[in-house]
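The values are calculated or read from the model by the stated rules, or taken from the named source; none is laboratory data. Note that the coordinates shown come from a computational prediction; the quantities given were computed from them, not determined experimentally. Because the Cβ atoms are built from the backbone with ideal geometry, glycine has one as well, and the counts that use them run over all protein chains shown. Heavy atoms of the whole protein, side chains included, go into the accessibility calculation; ligands, DNA and RNA do not. Shrake-Rupley method; radii C 1.70, N 1.55, O 1.52, S 1.80 Å.
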Amino acid sequence: MHIDLLDLKREYDSIKEEIDSAILNVISSGRFILGDEVKKFELKLSDYLNVKHAIGVGNGTDALSLALLTMSIKPGDEIITTPFTFIATAEVISLCGAVPVFVDIDIETGNINPSLIEEKITSKTKGIIAVHIFGQPCDIDEIKDIANKHNIFLIEDTAQAIGAKYGSKFAGTWGDIGTMSFFPTKNLGAYGDAGAIITNDDEIAEKIRRLRVHGSDRKYHHIIIGFNSRLDAIQAAILNVKISYLNKWTDRRREIAKKFSENIYSVKIPLIKDNRDHVFHQYTLRAKKRDEFMKYLNENDISTAVHYPIPLHLQTAFKYLKLDEGSLPDAEKLAREVISIPVHPFLTENEILYIIDMINKWKE
Ligand SMILES: *Cc1c(COP(=O)(O)O)cnc(C)c1O
């Protein structure tokens, strides 16, 4: 037995016929970029998330870039975000000429600590990019209040949290813009790169629709300087099949996570805060001797991963910000302790029991 962190083969086997025919339909239609499949997916996604607009783009990183492009960023503007995320969240801030300002996290969840945000707001602060890390919504109501109070924008990087809710609203629909990724390992994954932007703002939606096709509203009529970042029709067709299974798969992730949380006692289980639900993109434990624990699990055929081993302020690419070790202590501490274990919806009951058993045999 070897248990993978994710088993896309089992997922494909369970829906093979539908996927194969969806792909073949696109190939015989001859429409590979945007077109009906993409429109259909945009409608399904906006319906699913109860949001006015969903716009398919090339990937989750482009979704963040395009979102920032609608915000009229000037060089030197500051944008607040978390250091405990995938690099894309902050990379796009630097790429558009702004300065990422990292705020330390709540070590219990890995999400940005809202009580530390206001002290980092200056006259140059233009906005906040909040992340719902591992699939658990951050304290987005508090963060929205701060953004409103200071009249700055709020973008939600929802790459890991499709379908998660804070209160009665979906993650990604609290701020001005939500960005989604359908990278193959995400909870709703394409079979290649894909992403989307969601918003309730008509003007932003129109701007994004232009930006993704070279700033044009009709072929060869370019109104603004844009991008090439379109959702590919084959990926949209795959997503149209898979989105119908998303609730079922998310429920299964939650069920497995519940079993882990009720039965694992040898290491720290993830904390779920009130007034929100988690979609368990990752089930991430905390272990004091993380590297030894990881080696032990891997030797016992359980795949694991570290999300993320180096907080962004300590990455070489962000050295220019001159943030030393010790400057964001909770993010640094969490990065030393985290370890994600398999929580994908195709785990068998035996595998779940085996994972729990092996973890509990570990002594810290
Ligand atoms: C995956 C991910 C992205 C980037 O998405 P891509 O589709 O790979 O470009 C951005 N932010 C977070 C938090 C992610 O997990």
| What FRET efficiency would be calculated for the residue pair Glu299, Lys52, taking the C-beta separation as r and a Förster radius of 45 Å, to the nearest 0.05? | 0.35
| Net charge, Leu285 excluded, C-beta distance under 10 Å - Lys, Arg +1, Asp, Glu -1 | +2
| Based on DSSP, what percent of beta bridges with both residues in the range 154-201 are antiparallel, to the nearest 5? | 65
| Cβ-based net charge around Phe32, under 13 Å, with every Lys or Arg adding one and every Asp or Glu removing one | -1
| task | Would you mind pulling out the separation of the Cα centroids of the range 219-249 and the range 121-169, in Å? | result | 24
| For the pair Lys273 and Thr316, what calculated FRET efficiency results from E = 1/(1 + (r/R0)^6), where r is the Cβ-Cβ distance and R0 = 35 Å, to the nearest 0.05? | 0.60
| Pairwise centroid distance, computed over Cα atoms, of the range 106-120 with the range 1-65, Å | 33
| remark: Cα-based Rg then Dmax for the range 117-192, in Å, read 13.3, 43
| message | With a 1.4 Å probe and all protein chains left in place, how much of the accessible area of the range 63-167 comes from carbon and sulfur atoms, in whole percent? | response | 51
| If you average 1/r over every pair of different alpha-carbon atoms in the chain and take one over that average, what Kirkwood value in Å do you get? | 21.1
| message | Given R₀ = 41 Å, what would the calculated FRET efficiency be for His221 paired with Lys258, taking r from the Cβ atoms and rounding to 0.05? | response | 0.15
| note | Once normalised by the length of the chain, the mean sequence separation of its alpha carbon contacts under 8 Å that are 6 or more apart gives a contact order in percent of 22
| query | What Kirkwood radius, in Å to one decimal, follows from the Cα pairs of the range 237-364? | reply | 16.4
| message | Quick one: the Cα spread of the range 191-297 along its three principal axes, in angstroms, biggest first? | response | 62, 30, 30
| Can you list the aspartates and glutamates whose alpha carbon sits under 17 Å from that of Lys295, skipping same-chain ones fewer than 8 residues off? | Asp4, Glu337, Asp357, Glu364
| message | Using a probe radius of 1.4 Å on heavy atoms only, what accessible surface per residue do you get for the chain? Whole Å² is fine. | response | 44
| Roughly speaking, to the nearest percent, how much of the range 241-364's 1.4 Å accessible area is carbon and sulfur? | 51
